[in-house]
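Beneath this line is the structure, given in structure tokens, with notes to follow.
The values are calculated or read from the model by the stated rules, or taken from the named source; none is laboratory data. From a predicted model like this one, the values you see are computed outputs, not experimental measurements. FYI the Cβ positions are ideal-geometry reconstructions off the backbone, even for glycines, and counts take in every protein chain you see. The protein model used for the area step is the full one, side chains on, heavy atoms only, and it has no ligands, DNA or RNA in it. Shrake-Rupley method; radii C 1.70, N 1.55, O 1.52, S 1.80 Å.
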Amino acid sequence: MRPRVTVAQATAILVVAAFLFTTGAGSAASSARDRAVPILMYHVIADAPAGSAYPNLFVSPADFAAQMDWLATHGYHAVTLHRVYEHWLHGLPLPAQAVVVSFDDGTMGQQIYAAPVLRALHWPGVLNLKVNALSSPLALPVWRVRKLLAAGWELDAHSLTHPDLTRLDDAEIWRQVYGSRVDLQQMFHVPVDFFCYPAGKYDARVVNAVELAGYVGATTTKYGLGRRRDLYTLSRIRIDGVDHLAGFAQKLQSLTP
């Protein structure tokens, strides 16, 4: 004769089973949200002029177009950094091969040459804008930034004047970090939730200021994939002028499955 199971015992068994099921499902979901995402770093989208002091900062418009085409052909899909954050923190879905295409400083070619390529693919970019670039004749004016935002680009802060933040006193760090966020929000009326460390320079004081200023994450110039565990020190993949298409592809293939 089989032993009889009481109502209390059956209830206890169901509670334990439900706990084990949800714990396993939660662990699997957490693991899925931990996947790394490539965050590309571009600077100037233009042909490097003769005698340029930093020629590797220039990626030609033809190379940029070929690199984006390579991504699309190989199944990548560009998203904003905030969408990656929402995936990592809240489980919102991401494309299987998500990639972030970020641009530092705010130079003219980012809107003239890069934006049409991304628009044709229905992809957003991420603009890490230093505030003083808005007053430079060689950089993006306000109206061009607004066109990028209207096309779905994300706006993030890259300080006021692009200093080495680690060499500043606490008050000036705060002015550069918090002040750039406030200025950009007031000018463009959009969220500014991520910070990009100028020249990739940061220390504990700088990271603390970024957190206190209300940013939810920050990007660096460290080479590698962006990972959930490094929200305030996210790695990126710098794309240089000498990479062309072959070097670009090698960087992506060496870091991603």
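Results, tabulated for the structure shown:
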| read-out | value |
| --- | --- |
| Where Rh is the Kirkwood radius over Cα pairs, Rg/Rh for the chain | 1.11 |
| Lysine pair count for the range 123-257 [Cα-Cα under 25 Å; pairs on different chains or 8 or more apart] | 6 |
| Coarse-grained scattering of the range 89-165 at q = 0.16, 0.21, 0.22, 0.27 Å⁻¹, given as base-10 log I(q)/I(0) from a Debye sum over alpha-carbon atoms | -0.61, -0.92, -0.98, -1.30 |
| Average Cα contact separation per residue, the range 99-257, under 8 Å, 6 or more apart, as relative contact order % | 16 percent |
| Antiparallel content of DSSP bridges confined to the chain, in %, to 5 | 10 percent |
| Average accessible surface area per residue within the chain, 1.4 Å rolling probe, Å² | 49 Å² |
| Counted charge near Tyr54, where neighbours are those whose Cβ lies closer than 13 Å (Asp, Glu -1; Lys, Arg +1) | -2 |
| Cα-only radius of gyration and Dmax that characterise the range 24-170, units Å | 17.0, 59 |
| The range 65-170, accessible surface, carbon-and-sulfur percent (1.4 angstrom probe) | 57 percent |
| Fluctuation leader among Ser102, Ser60, Ser52 - the chain, Gaussian network, Cα springs under 10 angstrom | Ser52 |
| Stokes-Einstein D for the range 112-218, Kirkwood Rh over Cα pairs, 4 °C, 1.567 mPa s (µm²/s) | 91 µm²/s |
| Positive-end residue of Met108, Val216, Gly200, charge dipole of the chain with Cβ unit charges | Val216 |
| Value at 222 nm in deg cm²/dmol, rounded to 500, when DSSP H runs of n ≥ 4 in the chain each add -39,500 (n - 2.57) | -13000 deg cm²/dmol |
| Long-range tail of P(r) for the range 161-257 (Cα pairs > 22 Å, %) | 37 percent |
| Share of Cα-Cα pairs in the range 127-174 lying beyond 14 Å, as whole percent | 57 percent |
